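Read the structure below first, then the notes.
Any read-out appearing in this document is the output of simple, stated calculations on the displayed coordinates, not a laboratory observation. Note that the structure is a prediction, hence the values are computed from the model and not measured. Cβ placement follows ideal geometry from the backbone for every residue including glycine, while neighbour counts extend to all protein chains displayed.
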Amino acid sequence: MKSKISIYEIAYKNLLRKKTRTLLTILGIGLSAWVLTSLFGFNQGYESALNKDIDNMGFQVLLTAKGCPYEAATLMLKGGTGLRYMNEAVFADILKNKEVEKITPMLMQAVFDPNKGESGGLNAYLGIDPATYPAMKPFLKFTQGAWFTKPQSHEAVLGYEAAELEQREVGDKILIPEKNIEYTVSGILTRSGTQDDGTIFVPIRTLQKDFKQEEKVTAVGIKVWKDADITGLENKLYELPDVQVVSMSQVKSTIMSLVSTAKVMVFSIALIAILIAMLGVVNTILMSVFERFQEIGIIKSMGAMPQDVFRMIWTETIILCTLGGAVGIGFSFALARVTDLLIRRLLPYTPTGSLVIVNGKLALATLGIVIVIGLLAGIYPAWRASRVRPLEAIRSEGE
Amino acid sequence: MTITNRSGRALVPALFLILAVVLPPLWAAVGCELNDPDRDVKRLFPESTSYQTLYVSIARQGGDPLLKKIEGRLGDSFKGLFETADVPYTMYQIFKGTDLIGYIHGVNQKGQYGGIQVFLALDLEGRIRAFYIQKLTNQSAKLLRDPAFGKQFVGLTLPDFDDYDPAAGRAEPGSRIAAIQNPAPGAESDFKAALRGAKKNLILCDVFLFGGKFVK
């Protein structure tokens, strides 16, 4: 029985005739597809990591009583004095604003310890609400133990450096010498590189009671909704009596502008990668068409129509691009972690979390883009091939 | 394993590159330093004119085998999260003119309510010339930080602590260590911690400053 050879079969066999060139072309397309997938993955991952970092900042606005130091370091510089208080009634005023997602109250207290160093020193304690503070700072991890067992317990969580200085572990006691009050250590935080490392956290209700500051707070951390107008909220908070607003919105806007810059940069590089891939495909297929000028003439003389030749060349392009795209996507999945680490080394600031997120959706999108690029890049060589005149082509052998 | 082929040779720098990228920054443990070295050195060695600091650690100088030897001499193991081989020790070498006249060294010791910082000033023979608790949290801290308590340690050397068992907090009856009086009976555990700190301090000074001259 006589079998009929399809145009697709010819296309496939043509590619196999020049194995090295086909392989190199697939590799070239693969590299472009890899760059493309990694760039899109980076764009996706970077934005999501930055958003996570913003989220991890906990609160973006800090409200304190006017003139009150809001960091333990400042409090120490002031010799433990200068604490100002707000009444808990201020919570209702803050929560009235639609920009506010949640709040967390804090109470800072400092105690002089005459037996710390030659001439004594200060110990600072931060009273926090166990119901809201840990949820706002999910990045705080424990080396040992956990947060307090009860909201009003006499327990303390120590930042890593505070624990190291005091040689404390879970179950050990700490003492507020001036007041002769003991706390049991319930947790030691992992080193975070922030001022939390040197902080001693205790339940706010306990601290309020022990220092006779019931219903008083020194600061309120305010977490705003993701797309809320922080500046607008700050202006409203300034209207509250005797408070000061410590804003971290500048940090957020800087981060968001970083995201925009990264997007422009990523898409510019992606465009270049697409152009390079496209030119590579055009070059390879065109070269193949010129080499097979005579052969195409013979195919046509045997009855192949121009659209058959067009389809044959286009098919070759699609096969190359599909295989190259698949190789590139494979690379991007396999090397996502290495790409992530390299980007971290290259960029001066990178957020925590995965910087390159490559998933199935992104892989399919990239494959689609690569195939579309192949189809576009294949038009001209396929058109040139379909225009070959059989007699001219066959005659060209002796020329 | 010997890598002989060409692709294998290429693997070595690639592995270094990957390791350099992958390895996270390492945080160092915190040691025990004088709060105000200029003032404290002058107070402990009034005749001194200058000092130099020397940074050492068990991990760098001898690792686990050294740690085991030190624990053996101490008669107690290093315990907990913070008493580890990588703790950096700051040793102060004290000079009068160009002459070395002594050393100051402090260690962190776990106490009942917090870290106790036990400092010793030693002469060139390894004899204690001053005992100083820089930091101690306890209701009776004042008594243990009193110079009168520190004076009981003056003149002692590491061999005097040989029979002191810090794990049990027991001194050989009739020994010079047994003669040291606790001025704060309510702070017995911190008193024992101070003795353990002093013995550990002397052992570390022997290892890092005196070349093990007191090893039995």
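With everything on Cα atoms, drop me the angle between helix B:188-208 and the longest principal axis of chain B, reported from 0 to 90° to the nearest 10. Here the helix axis deviates by roughly 50 degrees. What trypsin sites (Lys or Arg not before Pro) in the range B:79-118 are in a loop by DSSP, with at most 14 other Cβ atoms within 10 Å of the Cβ? Those that pass, being in a loop and sparsely packed, are B:Lys79. Per residue of B:82-93, other chain Cβ atoms within 10 Å of the residue Cβ number 1 on average.
Among the chymotrypsin sites (Phe, Trp or Tyr not before Pro) in the range A:323-377, those placed in a DSSP loop whose Cβ has at most 10 other Cβ atoms within 10 Å are A:Tyr349. Rg and Dmax over the alpha-carbon atoms of the range B:41-124 stand at 14.8, 42 Å.
Whole-Hz Karplus values for the range A:158-174 come out as 10, x, 4, 5, 4, 5, 5, 5, 8, 6, 9, 9, 4, x, 6, 9, 10 Hz, taken residue by residue from phi with 6.51 cos²θ - 1.76 cosθ + 1.60 and θ = phi - 60°; glycine and proline positions read x. Under 5 Å between amide hydrogens, built in the peptide plane, is the criterion, and for A:Leu122 it picks out A:Asp113 among residues at least 5 positions away or on other chains. For B:Lys42, a cut-off of 18 angstrom between C-alpha atoms picks up these aspartates and glutamates, skipping any fewer than 8 places away in its own chain: A:Glu118, B:Glu33, B:Asp99, B:Asp123. Under the criterion of Cα pairs below 8 Å and six or more residues apart, the relative contact order for chain A equals 28 percent.
Beyond 28 Å between alpha-carbons counts as too far, so tell me which of A:Lys173/B:Lys79; B:Lys68/B:Lys110; A:Lys98/A:Lys263 fall in that bin.
Details: A:Lys173/B:Lys79 17 Å; B:Lys68/B:Lys110 20 Å; A:Lys98/A:Lys263 30 Å.
Over 28 Å Cα-Cα: A:Lys98/A:Lys263.
Scanning chain B for GluC sites (Glu not before Pro) in DSSP loops with at most 12 neighbouring Cβ atoms within 10 Å leaves B:126-216 as the longest stretch between them. Ellipsoid semi-axes for the range B:30-208, based on the Cα gyration tensor and the rule √(5λ), read 23, 20, 16 Å when sorted largest first.
Counting Cβ atoms of other protein chains within 10 Å of each Cβ in A:111-118 and taking the mean gives 6. Listed from fewest to most Cβ neighbours within 10 Å, the set A:Ile174, A:Ile276 follows the order A:Ile276, A:Ile174. Quick one: Debye curve from the C-alpha atoms of the protein assembly as shown, no solvent, what's log10 I(q)/I(0) at q = 0.10 Å⁻¹? Log10 of I(q)/I(0), two decimals: -0.99.
Within the range A:303-395, all pairs of alpha-carbon atoms sorted by distance into 10 Å bins from zero give the percentages 15, 29, 22, 16, 10, 6, 1. Taking θ as phi - 60° and the Karplus parameters 6.51, -1.76 and 1.60, the scalar couplings of the range A:366-380 work out to 5, 4, x, 4, 4, 5, 4, 4, x, 4, 5, 5, x, 4, 5 Hz in sequence order, x denoting glycine and proline. Of the trypsin sites (Lys or Arg not before Pro) found in the range A:89-129, the ones in coil according to DSSP and having at most 14 other Cβ atoms within 10 Å of their Cβ are A:Lys96, A:Lys98. Using θ = phi - 60° in the Karplus curve 6.51 cos²θ - 1.76 cosθ + 1.60, the 3J(HN,Hα) couplings for the range B:157-171 round to 10, 4, x, 4, 8, 3, 8, 7, 9, x, 5, 9, x, 10, 10 Hz; x is entered for Gly and Pro.
Using Cα-Cα distances under 8 Å and only pairs 6 or more residues apart, what relative contact order does the range B:41-127 have, in percent? Don't skip to the answer; put the middle values down first.
Working: 125 pairs, mean separation 24.3, N = 87.
Contact order relative to length: 28 percent.
Peptide packing: for B:189-197, A:11-19, A:354-362, A:231-239, the average count of neighbouring Cβ atoms within 10 Å per residue gives the ranking B:189-197, A:354-362, A:231-239, A:11-19, highest mean first. Packing around the peptides A:241-247, B:112-118, taken as the average count of other Cβ atoms within 10 Å per residue, puts them in this order, highest first: B:112-118, A:241-247.
Highest mean first, the peptides B:155-166, B:48-59, A:201-212 sorted by other C-beta atoms within 10 Å per residue fall in the order A:201-212, B:155-166, B:48-59.
Each part reduced to its alpha carbon centroid, the range A:114-187 and the range A:317-356 end up 43 Å apart. Mean residue ellipticity, 222 nm, helices only, chain A: the sum of -39500 (n - 2.57) across DSSP H runs of n ≥ 4, divided by residue count and rounded to 500, is -17500 deg cm²/dmol.
Note: relative contact order over the range B:30-208, using C-alpha pairs below 8 Å and six or more positions apart, is 20 percent. To the nearest ten degrees, helix B:63-74 and the longest principal axis of the Cα atoms of chain B are 20 degrees apart.
Just the projected area, averaged over all directions, of the convex hull on the alpha carbon atoms of the range B:47-90: how many nm²? Could the numbers behind the result be given before it?
Numbers: hull surface 17.3 nm².
Averaging across all directions leaves 4.3 nm² for the Cα convex hull.
Take each residue of peptide A:166-177, count the partner chain Cβ atoms within 10 Å of its Cβ, and average: the result is 6. Just the number: Rg to Rh for the range A:58-247, Cα atoms, Kirkwood Rh, two decimals. Across the range A:58-247, the Cα-based Rg/Rh ratio is 0.97.
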